[in-house]
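For reference, the structure is listed below as structure tokens.
The values are calculated or read from the model by the stated rules, or taken from the named source; none is laboratory data. Worth saying up front: this structure is predicted, and the values here are computed from it rather than measured. Here Cβ is always computed from backbone atoms with ideal geometry, including for glycine, and neighbour counts include all displayed protein chains. In case anyone asks, the SASA skips ligands and DNA or RNA and just uses the protein heavy atoms, side chains included. Shrake-Rupley method; radii C 1.70, N 1.55, O 1.52, S 1.80 Å.
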Amino acid sequence: MRYSAQKGTRDILPSEIHNWQKAEKTFAEVCHSFGYEEIRIPTFEQTDLFQRGVGDTTDVVTKEMYTFEDKGGRSITLRPEGTAGVVRSFIENGMTSLATPVRLFYNITAFRYEKMQKGRMREFHQFGLESFGSAGPDIDAEIISVVDVFFKKMGLKNIALHINSIGCPACRGEYNKLLKDHFRPHIETMCEDCRTRLEKNPLRILDCKIDGGRDIVQNAPRLIDHLCEDCKAHFEGLKARLDAIGISYTIDPNIVRGLDYYTRTVFEFVSENVGTQGTICGGGRYDGLVEDCGGTATPGIGFAMGVERLLLEAEAQGALTEAPSYVKLYIASMSEQAKIEALKICYGLRLNGIGCETDMAGRSFKAQMKYAGKKGIPYLVVIGDDELASGEVKIKNMADGSEEPIKLDVIGEYLADKI
Ligand code: ATP
Ligand code: MG
């Protein structure tokens with residue numbers, strides 16, 4: 001029997017893991033520099049949380065969720081995104097009473113039953129953050145800055161920021177009527193999903209993967225032209241802040257975002273490189289979500305970034321870095337006694353945080369040298385009977401072939417200086 005990874009999943013192998021680790025570390029550092037703290041939420045939640053939290057007219061909920069009944073008869077869903085779980089945790093753990101804004105970030109796997117494409121997986125990874133308790137545009141500008149600084153620290157350029165406002169329930173009510181009037185005469189020509197969306201949530205039509213590019217959608221009334229005074233002021237406030245910081249953006253009236261909970265600010269960071277899956281990061285404000293999920297009314301805003309897409313972009317831009325070499329020293333041994341000494345030295349070096357290796361396979365001296373070369377280990381020491389007797393070895397720098405004599409008991413200090 002040969003097993004293979006499930007469709008839409010993949011192994012992240014040691015040869016590429018450094019790219020992931022660098023992105024994870026950089027994201028955490030940038031979040032910390034803005035005062036965000038990490039939260040880890042469970043992989044699965046009760047299905048109802050996502051139906052309510054993500055919205056039951058969204059593609060994610062209607063088509064893409066991994067939902068199953070557990071042995072206790074509960075309906076369970078593997079998280080398709082992070083916000084609903086973080087909101088649940090925020091409420092459940094009494095974070096409403098903390099000083100605002102409550103700033104949380106996460107690094108999660110997410111699961112969506114989707115058609116596999118480049119940058120579109122069934123199990124994928126997201127970096128994200130959520131900020132609770134601030135209603136004004138300052139925090140909108142702040143979270144956009146987090147992404148901007150993160151991209152800069154990752155060495156990424158030319159990822160376009162698109163922003164829009166989709167208003168509040170008050171301005172959207174009026175606007176929904178306009179949208180329905182606009183689409184109703186054409187609805188017979190539109191996809192099956194859009195026909196359902198027309199009555200349930202016409203805004204979703206603007207986000208349709210099938211009809212989205214058609215003139216009828218492109219020429220639809222734009223919510224941005226029908227915002228109430230407060231929503232307009234909020235959007236102007238965000239633009240002024242981005243201008244002041246120096247973050248450039250395009251206003252894109254067609255961004256509505258795939259999830260139902262957004263209000264006012266929505267934004268995406270889009271690349272040209274990742275085929276059709278150009279949206280690396282998407283986010284927005286969700287002022288009604290905490291209350292919808294059973295908490296006291298609390299404004300919130302967040303984003304999620306697809307890590308697979310981020311790394312595809314980094315690759316396309318040549319921004320991936322070389323794998324670090326964790327093992328700095330190879331100790332080759334020429335006798336049984338030398339081998340035992342090598343083990344002892346290695347143990348001491350590792351206690352001091354210096355990566356090293358010695359033979360574990362009973363290799364001949366020649367084969368040991370070959371192994372060290374193949375692994376690209378930068379320093380080499382050979383221990384034989386003479387070296388055991390004198391306590392002195394030659395340490396070889398593999399890059400330039402130079403050698404230096406050194407006492408066995410100070411190899412650690414010597415290498416600590418070099419690394
Ligand atoms: P898309 O329009 O590409 O389907 P989405 O609107 O469903 O994206 P969000 O729910 O906003 O995506 O998720 C935030 C980010 O997570 C996306 O911008 C993307 O980078 C990433 N993402 C979403 N779905 C997938 C997936 N199936 N595989 C890989 N990354 C994904
Ligand atoms: Mg999607």
The condition of being touching a Pro at 6+ places or on another chain (Cβ under 7 Å) and under 17 Å from residue 342 (Cβ atoms) holds, among 375, 394, only for 394
By residue number, the members of region 333-352 that are touching a helix residue (DSSP H, G or I) at 6+ places or on another chain (Cβ under 8 Å) and not in a strand (DSSP E or B) are 334, 335, 337, 338, 341, 345, 348, 349, 352
Per the filter on region 57-89, residues open to solvent by less than 50 Å² (accessible area, probe 1.4 Å), more than 16 Å from residue 303 (Cα to Cα) and in contact with a strand residue (DSSP E or B) (Cβ under 8 Å, 6 or more places away or on another chain) are 65, 70, 76, 77, 78
Residue 324 passes all but one of the listed conditions (1) more than 16 Å from ligand 1 (Cβ to nearest atom); (2) at pLDDT 95 or above; (3) of a type outside the set (Val, Ile, Thr); the exception is number (2)
Filtering helices (runs of 4 or more DSSP H) wholly in region 354-419 for at least 3 residues that are open to solvent by less than 20 Å² (accessible area, probe 1.4 Å) gives 411-418
Only one of (1) part of a loop (DSSP other than H, G, I, E, B); (2) open to solvent by 10 Å² or more (accessible area, probe 1.4 Å) does not apply to residue 145, and that is (1)
Checked region 156-171 for anything away from ligand 1 (no atom under 16 Å from the Cβ), open to solvent by 10 Å² or more (accessible area, probe 1.4 Å) and not in a helix (DSSP H, G or I); matches are 157, 158, 168
Checked pairs for region 96-125, first closer than 25 Å to residue 30 by Cα and in contact (Cβ under 8 Å) with a residue 12 or more places away in the chain, second within 12 Å of ligand 2 (Cβ to nearest atom) and assigned to a loop (DSSP other than H, G, I, E, B), C-beta under 8 Å and 6 or more apart or across chains, list as 110/80; 110/81; 119/277; 124/112
Exactly one of 215, 260 is at pLDDT below 95 and within 16 Å of ligand 2 (Cβ to nearest atom), and that residue is 260
Exception for residue 179 within (1) assigned to a strand (DSSP E or B); (2) open to solvent by less than 20 Å² (accessible area, probe 1.4 Å) falls at (1)
Do we find a residue being within 15 Å of ligand 1 (Cβ to nearest atom) and among the basic types (Lys, Arg) anywhere in region 139-155?
no
Apart from one, (1) within 16 Å of ligand 1 (Cβ to nearest atom); (2) of a type in the set (Gly, Ala, Ser); (3) open to solvent by 10 Å² or more (accessible area, probe 1.4 Å) all hold for residue 295; the odd one out is (1)
Quiz item: residue 106: aromatic (Phe, Trp, Tyr), modelled with pLDDT under 95 and surrounded by 18 or more Cβ atoms within 10 Å (Cβ to Cβ), yes or no?
Solution: no
How many residues of region 41-87 are among the β-branched types (Val, Ile, Thr), within 15 Å of residue 112 (Cβ to Cβ) and within 16 Å of ligand 2 (Cβ to nearest atom)? The answer is 7
Those strands (runs of 3 or more DSSP E) completely within region 44-113 that have 3 or more residues that are within 11 Å of ligand 1 (Cβ to nearest atom) and in contact with an Asp or Glu (Cβ under 8 Å, 6 or more places away or on another chain) are 102-111
